[in-house]
Number of protein chains: 2
Amino acid sequence: MPPQQRGQESREHILQVAGTCFAENGYDGTGVAEICRRAEMSKGAFYHHFPSKQALFLELLNRWLDGLEGQFFAIRAEAPSVAAGLLRMTEMVRQILTDAGGQLSIFIEFLSQARREPAVWEATIAPYRRYRALFAEMIAEGVREGSLQPVDPELAAGALVSLGVGVLLQSLLDGDGADWGQVTRTGVQMLIRSDSQSGA
Amino acid sequence: MPPQQRGQESREHILQVAGTCFAENGYDGTGVAEICRRAEMSKGAFYHHFPSKQALFLELLNRWLDGLEGQFFAIRAEAPSVAAGLLRMTEMVRQILTDAGGQLSIFIEFLSQARREPAVWEATIAPYRRYRALFAEMIAEGVREGSLQPVDPELAAGALVSLGVGVLLQSLLDGDGADWGQVTRTGVQMLIRSDSQSGA
């Protein structure tokens with residue numbers, strides 16, 4: 001295997017192991033030493049790939065968010081209307097909740113760190129703002145094309161993202177407490193009711 | 001002042017100081033010693049009131065939640081219809097977001113701790129479940145009385161609570177990013193659209 005590929009693989013390995021450590025013991029409860037031990041790697045090798053634990057943490061966050069955003073854009077590009085696209089996105093949320101399991105719980109660690117570390121805070125709020133802007137644009141288009149009822153796009157996008165964030169959080173805390181995929185779908189259907197009534 | 005009243009006052013004082021400490025430095029970053037120092041109180045006095053830091057933390061959580069629930073019940077009792085009650089509750093959320101400020105940020109500390117401490121976890125999910133049950137009941141009544149469109153009450157309540165949780169979280173992280181009170185109102189209006197259209 002060429003050295004560059006091996007380097008990439010060990011970088012991926014560190015990210016994966018660190019994700020598990022953060023999920024199990026939290027950000028504060030996870031040291032670089034512990035990550036190295038479980039990744040069977042020296043500290044020197046770790047710092048070759050990441051300047052700090054925080055840098056690694058931010059990369060985990062950004063990867064997850066970029067992946068989500070990529071899926072959103074793909075759905076939006078393929079859906080016949082904005083309303084139909086939004087409903088398909090709820091299926092994606094359901095899939096995320098089912099697949100990601102324990103990994104997702106580092107989401108709460110990001111929040112907790114965001115309050116104390118400005119770099120994490122910026123990295124954490126940026127995607128919320130990006131998602132609100134993305135949905136505001138979609139909703140404005142949906143109102144123009146007539147698949148959504150007239151509504152303030154910024155405020156409606158804020159409500160939509162809030163619904164998603166709230167579902168994510170509760171599903172992490174209380175996965176068995178409700179059918180969270182179904183809650184998301186119902187919420188989005190209610191938010192875009194004009195469409196489900198017209199059968200589009 | 002009678003001793004009992006003085007005891008109650010010093011207990012309140014500890015709770016207030018601890019809330020500030022948790023908000024500033026997180027749960028893990030706050031020790032009993034620090035709380036005692038800032039409350040100008042001995043450790044003996046602290047442990048006279050609370051068996052542990054966790055017990056104090058849970059009391060803060062429960063007080064906040066009981067206060068919210070009391071307000072919800074009062075609004076529900078006075079509102080002419082379920083739909084009208086839900087809209088008035090959004091005003092209450094707006095008030096909470098404006099008033100509580102820094103104190104609210106311990107909300108994220110509760111979440112972070114909930115993942116690791118079973119006692120905190122139980123105390124944290126119980127109110128979400130209680131609120132979902134409370135709103136499910138309200139929504140079922142709203143459908144019966146005709147102020148809400150027919151909908152599955154459990155799922156709709158899940159969506160409503162998720163909207164609230166998502167707004168709370170984003171307003172904590174990014175208070176200036178949107179008019180969160182207005183986002184809540186828009187979201188609830190969209191969720192209960194039948195009512196705002198009929199002008200009830």
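No value in this document is a laboratory result; all are computed from the given coordinates. In this text the structure is predicted, and so the values were computed from the model without any measurement. No Cβ is skipped: glycine too gets one built from the backbone with ideal geometry, and neighbour counts run over all protein chains shown.
Quick check: the angle from helix A:53-78's long axis to the longest principal axis of chain A, C-alpha only, nearest 10 degrees? It is inclined by approximately 30 degrees.
Charges were assigned to the Cβ only: +1 to each Lys and Arg, -1 to each Asp and Glu. The resulting dipole of chain B about its Cα centre is roughly 300 debye. Calculated FRET efficiency, B:VAL32 to A:VAL32, Cβ-Cβ distance, R0 = 30 Å: about 0.55 to the nearest 0.05. For the options B:SER81, B:SER162, B:SER52, a Gaussian network treatment of chain B with springs between C-alpha atoms closer than 10 Å singles out B:SER52 as fluctuating the most. Spacing of the modelled spin labels on A:GLU24 and B:GLU137, each 7 Å from Cα toward Cβ, amounts to 4.3 nm. When chain A is modelled as a GNM with alpha-carbon springs shorter than 10 Å, which of A:ILE125, A:ILE139, A:ILE35 fluctuates the most? Of A:ILE125, A:ILE139, A:ILE35, the Gaussian network model singles out A:ILE125 as fluctuating most.
To the nearest 0.05, how large is the calculated FRET efficiency for B:GLU78 and B:ASP176 if R₀ is 45 Å and r is the Cβ-Cβ distance? Present the calculation step by step, with values, prior to reporting the outcome.
Working: r = 33 Å, r/R0 = 0.73.
The value I calculate is 0.85.
Note on chain B: with a GNM built from Cα contacts shorter than 10 Å, the maximum mean-square fluctuation among B:THR186, B:THR124, B:THR90 falls on B:THR186.
Which net charge results when you count Lys and Arg as +1 and Asp and Glu as -1 among the other residues whose beta-carbon is under 9 Å from that of A:ASN25? List each step's numbers first, then the result.
Details: positive: B:ARG116; negative: A:GLU24, A:ASP28, A:GLU34.
Here the charged neighbours net out to -2.
With both labels modelled 7 Å from their Cα along Cα-to-Cβ, the A:SER42 to A:GLN95 distance reads 4.2 nm.
Each of A:GLU117 and A:ARG144 was given a label point 7 Å from its Cα along the Cα-to-Cβ line. The distance between the two points is 4.0 nm. Nearest 10 degrees is fine. How inclined is helix B:153-173 to the longest principal axis of chain B, computing both from alpha carbons? The two axes meet at around 50 degrees. Across identical copies of the chain, B:PRO3 has label-point separations of 7.7 nm, listed in ascending order, with the point defined 7 angstrom from Cα along Cα→Cβ.
Inter-copy label distances at B:ASN62, using a point 7 Å along Cα-to-Cβ, come to 4.4 nm with the shortest given first. For B:PRO80, inter-copy separations between label points set 7 Å beyond Cα along the Cβ vector come to 4.3 nm, shortest first.
Each residue of the range A:87-96 was assigned a 3J(HN,Hα) from its phi angle through the Karplus curve 6.51 cos²θ - 1.76 cosθ + 1.60 (θ = phi - 60°); the sequence is 5, 5, 5, 5, 5, 5, 4, 4, 5, 4 Hz, with glycine and proline shown as x.
Placing +1 at every Lys and Arg Cβ and -1 at every Asp and Glu Cβ, with all other atoms neutral, what dipole size does the range A:1-85 have around its Cα centre, in debye to the nearest 20? Mind showing how you got there, number by number?
Values: 8 positive and 10 negative charges, 46 e Å.
That gives a dipole near 220 debye.
In order along the range B:126-141, the phi-based Karplus estimate (6.51 cos²θ - 1.76 cosθ + 1.60, θ = phi - 60°) of 3J(HN,Hα) comes to 3, x, 4, 5, 4, 5, 5, 5, 4, 6, 4, 5, 4, 5, 4, 5 Hz; Gly and Pro are listed as x.
On a C-alpha basis, how far is the centre of the range B:102-168 from the centre of the range A:14-72 in Å? Whole number, if you could? The range B:102-168 and the range A:14-72 have Cα centres separated by 32 Å. Set Lys and Arg Cβ to +1 and Asp and Glu Cβ to -1, take the dipole of the protein assembly as shown about its Cα centre, and tell me which of B:MET41, A:ASN62, B:LEU60 lies farthest positive. Checked the options; the winner is B:MET41. Within the straight-line cut-off of under 21 Å between alpha carbons, the lysines reachable from B:LYS53 are B:LYS43, sequence neighbours fewer than 8 places apart in one chain being disregarded. The mean sequence separation of alpha-carbon pairs under 8 Å and at least six residues apart, normalised by the residue count of the range A:4-154, gives a relative contact order of 24 percent.
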